[in-house]
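Chemist: The following block contains the structure, expressed as structure tokens.
The values are calculated or read from the model by the stated rules, or taken from the named source; none is laboratory data. All of these numbers come straight from a predicted model, not from anything done at the bench. So basically every Cβ, Gly included, is an ideal-geometry build from the backbone, and we count neighbours across all protein chains shown.
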Amino acid sequence: MDSTRSLHSCGLFGTLGRCVRGKSLGSHKHHGFWACSSTACGKILSCRSRLQVPLTGLAGAVGDEGRMAKKDSKNIVKARAAVTKPTYPLPEAVGLLKQVKYAKFDETVDLTMRLGVDTRHADQMVRGTVVLPHGLGKTKIVAVIASGDRQKEATAAGADFVGGEEMVEKIQKENWTAFDALIATPDMMKVVGRLGKVLGPKGLMPNPKTGTVTLDVASAVKEIKAGKVEFRADKTSLVHVPVGKLSFDPQKLVDNATTVIGAIVRSKPSAAKGKYIKSVTLSSTMGPGVPLDSAVADAAGKH
């Protein structure tokens, strides 16, 4: 699909259907090609043409032409309307999220940061871990793949699942991933490496950079149980990190968010040029995004 928007040769603003090789306009809705549905035009674009015409009440993304845009609920519209300032101090943002809460469950509070890095370059990747001072509000399920005495250490530290090659086989054959974090000792990585296709897409693959490949399995288990979280810039240079539950005391959410922001600020790659922290937003699962002022990142970096 040409990314530029262009008019169909009829010059009319017909809605879009999906084009098949038939002549009936009603036969277009289940296929991925374009057709002009203007009754004044009545033309069907060839499957090779696929020109994009202006939409009337239909989604603009390919594959969404036949769906009506989903209407936002009154609750989210009201919550978004409460965000009236361009930016907020962190404590005020936390208070606002609590004020506009309407969901009946305990929502997770997330921090999103847009960074001035190009993650296509390895020397500009931002990745690391940080232990939240007040945890995440839930205990993570931790699995450990180790051998010998390391298994006993992991069990004593509170690991939920401990094993060796038999656990690797279980994960590989059954796609078993009933855990939130997986720790492995370096000597077991030769067999754990086979699990890339299962664990990689779920972000569960042990990695030395995140402290999940280590000989000190006891400390690794305790840190994760205490509220250790991972942060990583995605391909759009965004970092998303949970910082607690909306039911937390406001100061605990402020402390957790400040800790995460500080860790990301200190992880600035030396190769990154220009402004590093472009924006910071605090949000809850069902709530609006509340933009934070730039002073938040400056203060957290000195924390």
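Chemist: Looking only at the range 244-282, how many residues end up being on the phi > 0 side of the Ramachandran plot and over 19 Å from the mean Cα position of the chain (by Cα)?
Modeler: Initially, the range 244-282 is screened for residues on the phi > 0 side of the Ramachandran plot, giving 244, 274.
Then keep just the ones that are over 19 Å from the mean Cα position of the chain (by Cα); that gives 274.
Looking only at that region, the number is 1.
Chemist: If you take just the strands (runs of 3 or more DSSP E) that sit entirely in the range 125-229, which of them hold at least 1 residues that are of a type in the set (Lys, Arg)?
Modeler: 127-131
Chemist: For the range 143-161, state whether one or more residues are touching a strand residue (DSSP E or B) at 6+ places or on another chain (Cβ under 7 Å), of a type outside the set (Phe, Trp, Tyr), crowded, with 22+ Cβ neighbours inside 10 Å and over 15 Å from Thr212 (Cα atoms).
Modeler: No, the range 143-161 contains no residue that is touching a strand residue (DSSP E or B) at 6+ places or on another chain (Cβ under 7 Å), of a type outside the set (Phe, Trp, Tyr), crowded, with 22+ Cβ neighbours inside 10 Å and over 15 Å from Thr212 (Cα atoms).
Chemist: Kindly indicate the residue of the range 255-303 that is modelled with pLDDT under 90 and not in a loop (DSSP other than H, G, I, E, B) and also surrounded by the fewest Cβ atoms within 10 Å (Cβ to Cβ) among those meeting that condition.
Modeler: Lys302
Chemist: Exactly one of (1) closer than 27 Å to Met125 by Cβ; (2) outside the structural domain of Ala157 (by TED's automatic domain parsing); (3) surrounded by fewer than 21 Cβ atoms within 10 Å (Cβ to Cβ) is unmet by Lys252. Its number?
Modeler: (1)
Chemist: Please count how many residues of the range 169-205 are free of Cβ contacts under 8 Å to residues at least 40 places away in the same chain and hydroxyl-bearing (Ser, Thr, Tyr).
Modeler: So the answer is 1.
Chemist: I'd like the residue in the range 129-168 that is on the phi > 0 side of the Ramachandran plot and in contact (Cβ under 8 Å) with a residue 60 or more places away in the chain and, out of all such residues, is farthest from the chain's Cα centre (by Cα).
Modeler: Gly158
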